[in-house]
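Working notes for the structure below.
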Amino acid sequence: MELRQLEYFEAVQRNKNFTHAAAELHVTQPTVTTAIKNLEKELGVSLFDREGGGMELTPAGEELLIRTQIILKNVKKIYDRVGEENSYRKQEVTIGIPPISCARMYPLVMGNFAHSHPNIDVQVQDCCNHINITRILQDDLEIGFIILPDMPNPGLEFLPLEKGNLMVLLSEDHPLAKKEAISFQDLAHEDILMYEKGTSYVEVRLEREFAARNITWNIQHYFSNFSTIYDLVSQNFGISFTMPTTSPILSELPGLVTVPFEEPMEYEIGLAWGKNKYLSSGCRELIRFICSYYEKNYEEKPASVIRAPKG
C-alpha cells in the first residue's frame, strides 16, 4: 500500500467522481482508477458501491476513510514540523475569512502579510462564521477569523482583536435615515435584504434578537453578492445591516447611511484555532503579525493580543 493510493482514495471519496478527483490531483483518470483498483485488490475488499453509477463507500471503505484521514493529516504535520526551519521551503497557511463580517481582513492577510512574508503561501478561503468554527474543530482549517459565539466553544482558542456594533444600512432617502437610533419595532414592516440564507452571523444574530422581542421581521430577498445588497439599498429597494469590519469601500458608497440600534448590537471579532492543536510556524507567524498590526493601529488594544502563541 502506498501513500499516493490513500491520497487518491480520499480525493475520489470527497469528489464522488474519478474525473474530478484526477483533475484535482493533476493526474489522468486512468491513473486514479488503476490506483483504486490495485488498492481494493490488495485489501481484498470493495471500497466503493458502484451500483447504479453511485460512488458511495462500502463499510470497508468507510473504515479506510477514517484511517486515511488520520494518516494524511499526520503526514502534513510531519512536513510542517521537519521542514519549518528551512527558510527556503515555502510553507502554506490556510485561513478562513467570513466574507461579510470580516471583509476588512482580506487586505491585511493577502496584502500586508503576504508581501512581507514571501516564503509563506497564504491560502484564503471564504467561509461564513459557523463554517469556519466547524472546520477548525474538525481540523480541516488551521486558523480563521470568527465572531465570538455567545457560548465559547471549549474546543477553540480565541484571540479577541476588536469589537464593533451592528448597524442598520439605509438609503439616505429612507424615512428612518433621519433617526439617531433605530428600534427593532421600527424595522417590523421593512423589506430586508440579506446575504445567502442561513450563512451569515448577522442573520442568525438578528433572528434571535427579533424573536426575543416577539417581533416578526420580513426578509424580502437573499443575495449571494453583498455588493448587490448595498447597491439595492442605496436605491431604496429595501434595508439591510452592516458592520464596521465590512469592506470600507462598500460602506462609503453614495446614497447610503448607517444608523445604530437603540439597543447596541455589540459583537467581537478575533482569530480562532483548535485548542491544544499544533500550529505550523507559518501560522504562528501570521498570528504574531496580526497582533502586531492591531497593537500599532488601534489605541485600545485588547489585553489578549499580547498572548499570541510563542514560536
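Normalised size of the range 110-173, defined as Cα radius of gyration per 2.2 N^0.38 Å with N residues, equals 1.46. For a paramagnetic label modelled on S292 (point 7 Å from Cα along Cα→Cβ), amide N atoms under 20 Å away belong, within the range 97-139, to 105-123. Using the Cβ of V12 as centre and a radius below 12 Å, the other residues enclosed give a net charge of -1, where K and R count +1 and D and E count -1. Along the chain, the exposed loop sites are chymotrypsin sites (Phe, Trp or Tyr not before Pro) outside DSSP states H, G, I, E and B with at most 14 other Cβ atoms within 10 Å, and the longest stretch free of them is 89-236. Principal semi-axes of the equivalent ellipsoid, √(5λ) from the alpha carbon gyration tensor of the range 7-54, are 17, 13, 9 Å from largest down.
Span-like helix check, the chain: no full DSSP H segment qualifies, none having both a Cα axial length of 27 Å or more and a mean Kyte-Doolittle of 1.0 or more. Computed from backbone phi with θ = phi - 60° and the Karplus coefficients 6.51, -1.76 and 1.60, the 3J(HN,Hα) list for the range 190-196 is 8, 7, 9, 9, 10, 5, 2 Hz; x is used for glycine and proline.
What the range 22-73 shows is 63 Å² of accessible area per residue, with the surface traced by a 1.4 Å probe over protein heavy atoms. Here the simple spin-label model places points 7 Å from the Cα toward Cβ, and for Q220 and N276 these points are separated by 5.1 nm.
Less than 13 Å from a label point 7 Å out along the Cα-to-Cβ axis of E262: which backbone N atoms in the range 169-193 qualify, by residue? Taking a point 7 Å out along Cα→Cβ of E262, the residues of the range 169-193 whose backbone N falls under 13 Å are 179-188. Amide hydrogen proximity for I182: with H placed 1.01 Å from N in the peptide plane, the residues at 5 or more positions away or on another chain lying under 5 Å are F261, E262. Note on the range 103-247: Cα convex hull, mean projected area over all directions, 10.4 nm². From the P(r) of the range 194-274, could you give the percentage of C-alpha pairs in the tail past 19 Å? Tail of the P(r) past 19 Å holds 44 percent of the pairs. Quick check on the chain: what does the Kirkwood estimate of hydrodynamic radius come out to from the alpha carbon pairs, in Å? Hydrodynamic radius (Kirkwood, Cα only) of the chain equals 22.3 Å. Note that the range 133-217 carries a Kirkwood radius of 15.7 Å, evaluated over its alpha carbons pair by pair. For F241, nonlocal amide neighbours, meaning residues 5 or more places apart or on other chains whose placed amide H falls under 5 Å from its own, are L169.
Note on the chain: antiparallel DSSP beta bridges, both residues inside, total approximately 60 percent of the bridges counted. Do any GluC sites (Glu not before Pro) in the range 133-208 lie in a DSSP loop with no more than 13 other beta carbon atoms within 10 Å, and if so, which? Hits after loop and neighbour filter: E172, E180.
The values are calculated or read from the model by the stated rules, or taken from the named source; none is laboratory data. Everything numeric in this text was worked out from a predicted model, so none of it was measured. Glycine gets a Cβ as well: all are built from the backbone with ideal geometry, and neighbour counts include every protein chain shown. For accessibility, only protein heavy atoms count, side chains too; no ligands or nucleic acids. Shrake-Rupley method; radii C 1.70, N 1.55, O 1.52, S 1.80 Å.
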